[in-house]
Amino acid sequence: MTRGLYTAATGMIHQARRLDTVANNIANINTYGYKKDQVVTRSFSDELLLRLNNRQSPSSQPIGTINHGVTVEEVVTSYQQGILQHTGVNTHMALNGPGFFTIITDDGERYTRDGSFMLDSLGYLVTADGWPVAGETGPIYIGTEDFTVDSMGYIFVNDQYVDRLQIVDFEDPQALRKAGHNLFINSDPDNQILDYQGEVMQNYIEGSNVDAVKEMVEMVTATRNYESNAQIIRMIDETLDKTVNEIGRV
């Protein structure tokens, strides 16, 4: 009976993790360039059940298997592209295709799909948090003049070339880890950096790839599963209570 208790408990833990992930996705539904997370589930290894030796069966006989519940294998990020929205703001950039803008932080290079850039007081292209956007020669200085960015990421100020956006792609995007502030870090030194093959779109911005309807369905499903497992635990607890306090007195 306690096996059922443990199985239901693992189910509750798993559903709670699903709910946390869905809630975070929904909270970032309006975050530019946000990539949703998904929980990958793995069941515990099955155990073989054997009939114990007795007079009729001199040796143990397999009678089936039993599973002890599920666990979260990992949380993976979906890099499906969000909707590209026209903003008319010339510091806004979107990537049409896989790839990431490179951002210069105090902790080293980070990567993002959020192209809601702006100019700081010194005329440098920066993120909403003030981190410089990386060009091929370092931080990108625009100044106060008009500028354009072509589909290859080349930046022109008053029709004069000044730099190129440092845009990269990775052989294995799943090796990236979220580092906060809508940034990613490459956690695997063997994860090869690839040349960007997509298109840069100035005056556009990429929305979140969170589907509100799907996330709400996921939340309802996870909530019901959580409640079902909780009910199973209550039933087992009541049964154990009767076993100890009532049957035990007979």
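Nothing in this text is a laboratory measurement; each read-out follows from the coordinates by a stated rule. Worth saying up front: this structure is predicted, and the values here are computed from it rather than measured. Here the Cβ positions follow ideal geometry from the backbone for every residue, glycine too, while neighbour counts run over all protein chains shown.
Note that segment 21-30 has calculated 3J(HN,Hα) couplings of 5, 5, 4, 5, 4, 5, 5, 9, 5, 9 Hz, one per residue in order, obtained from phi through the Karplus relation 6.51 cos²θ - 1.76 cosθ + 1.60 (θ = phi - 60°); glycine and proline are x. Cross-link partners for Lys35 among the aspartates and glutamates, with Cα-Cα distance under 12 Å and sequence neighbours closer than 8 places in the same chain left out: Asp114, Glu206, Asp211. In this structure, the amide hydrogen of Glu136, modeled 1.01 Å from its nitrogen in the peptide plane, lies closer than 5 angstrom to those of Arg164, Gln166, counting only residues at least 5 positions away or on a different chain. If you plug the beta carbon distance of Gln197 and Arg17 into 1/(1 + (r/R0)^6) with R0 = 35 Å, you get a FRET efficiency near 0.50. Phi angles across segment 144-150 convert, under the Karplus curve 6.51 cos²θ - 1.76 cosθ + 1.60 with θ = phi - 60°, into 3J(HN,Hα) values of 10, 7, 5, 9, 9, 10, 8 Hz, Gly and Pro given as x. Here the 3J(HN,Hα) profile of segment 177-189, calculated from phi with Karplus coefficients 6.51, -1.76 and 1.60 at θ = phi - 60°, is 10, 5, 10, x, 6, 6, 10, 10, 10, 7, 7, 10, x Hz, Gly and Pro shown as x.
Computed over segment 84-206, the P(r) tail beyond 22 angstrom holds 29 percent of alpha carbon pairs.
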